[in-house]
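What follows is a set of notes on a single structure, which appears directly below.
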Amino acid sequence: MWTVENEHFTATVRASGGELVSLWHKQMRTERLWQPQAAVWNHTATQLFPVVGRLIHDGLWLDGQFWPLPAHGFLREQTFYCVDQSPDRLTLEACSTPQARKQWPRRWRVRLAFALEASGLTFQQTVINEDSRTLPYSAGWHPGFALPVASRSGWWVEFSPAVSGPFFTDNRTLKTDGSQRYVTRFALAGTSFAAGAVYFGDCQHRVIRVRAPDGTLALTLETGEQPWLALWGVPGADLLCIEPLAGTTDAPDADGQTVNKRGMQHLPAGESQTFTVRLRFAVDA
């Protein structure tokens, strides 16, 4: 477990999964992250790799072989190691192990960087292809925020610029039907996540704002290169997950072939890709 802090925030990250387990806002004396509850959601901010969401065949075909994979991949079970730390910054890495290559046949390294700032946190997830072949993968960050979205009705999410969607999941599968509807606002109702996560597309370099029923700004999330974003919560729980994603859960008719899987990234040998998320918190939220 590692802890970094500045004048405004304290962040704690654990080695297992490189999971941010606490983001304490000193001025507000508030924990900004959801705290695990087994009956609701037993995580705080999980790392997703090399797939996002559910695989309807419980794995993917690659290199002429079937590779069993769990939902959201296996990175959240990997052990991360510290490669750099200062009072308000932390960099961790995990790499492919022989066991991991039994699940996904490529050599890779994932670097996580956490940097505290006056108004929040900047997070970077870098995927590095250490193989001699192209690395197919999806990746994402799944942070959950402690917000009274169930206790107080009328919350909403704003997108700037507009994003495509919303696309609703069914049994953890996603069908988009090629829809090109664009929205700048999504109302959070008690039934919003009754069927599961809600996806939005065209989410690169967007600003996402969460507002309380009276219009007060609760938090701002800025995306980088992530093409997708999912909102998720559990009906009746004061939890809102905002997930910037490079990939999606399976389509209901997915054939299990990596080459055909929606949202897969294809990283050439020796190259890397960084995904950035910036979190900003209002002092009166």
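Table for the structure above
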item: Hits in the stretch 238-275 (condition: open to solvent by 10 Å² or more (accessible area, probe 1.4 Å), of a type in the set (Val, Ile, Thr) and closer than 11 Å to Pro136 by Cα); result: Val259
item: Single residue of Arg111, Arg106 found to be open to solvent by less than 60 Å² (accessible area, probe 1.4 Å), among the basic types (Lys, Arg) and not in a helix (DSSP H, G or I); result: Arg106
item: When residues of the stretch 198-219 are limited to those that are farther than 18 Å from Arg181 by Cα and in a loop (DSSP other than H, G, I, E, B), the one nearest to the chain's Cα centre (by Cα); result: His205
item: Extreme residue, surrounded by the fewest Cβ atoms within 10 Å (Cβ to Cβ), among residues of the stretch 94-103 that are free of Cβ contacts under 8 Å to residues at least 24 places away in the same chain and among the polar types (S, T, N, Q); result: Gln99
item: Test: residue in the stretch 263-285 that is under 16 Å from Val51 (Cβ atoms) and over 16 Å from the mean Cα position of the chain (by Cα); result: yes
item: Unmet requirement for Glu222, which otherwise passes all of (1) assigned to a loop (DSSP other than H, G, I, E, B); (2) of a type in the set (Asp, Glu); (3) touching a strand residue (DSSP E or B) at 6+ places or on another chain (Cβ under 6 Å); result: (1)
item: Any strands (runs of 3 or more DSSP E) falling wholly within the stretch 20-87 and containing at least 1 residues that are touching a residue at least 24 places away in the same chain (Cβ under 8 Å), open to solvent by less than 20 Å² (accessible area, probe 1.4 Å) and of a type outside the set (S, T, N, Q); result: 20-25, 45-48, 59-62
item: Of the criteria (1) in contact with a Cys (Cβ under 8 Å, 6 or more places away or on another chain); (2) open to solvent by 10 Å² or more (accessible area, probe 1.4 Å); (3) within 26 Å of Lys261 (Cβ to Cβ); (4) not acidic (Asp, Glu), which one Thr91 fails; result: (3)
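The values are calculated or read from the model by the stated rules, or taken from the named source; none is laboratory data. This structure is a prediction, so every number in the text was calculated from the model and none was measured. Because the Cβ atoms are built from the backbone with ideal geometry, glycine has one as well, and the counts that use them run over all protein chains shown. Quick note on the areas: whole protein, heavy atoms, side chains included, nothing else; ligands and nucleic acids left out. Shrake-Rupley method; radii C 1.70, N 1.55, O 1.52, S 1.80 Å.
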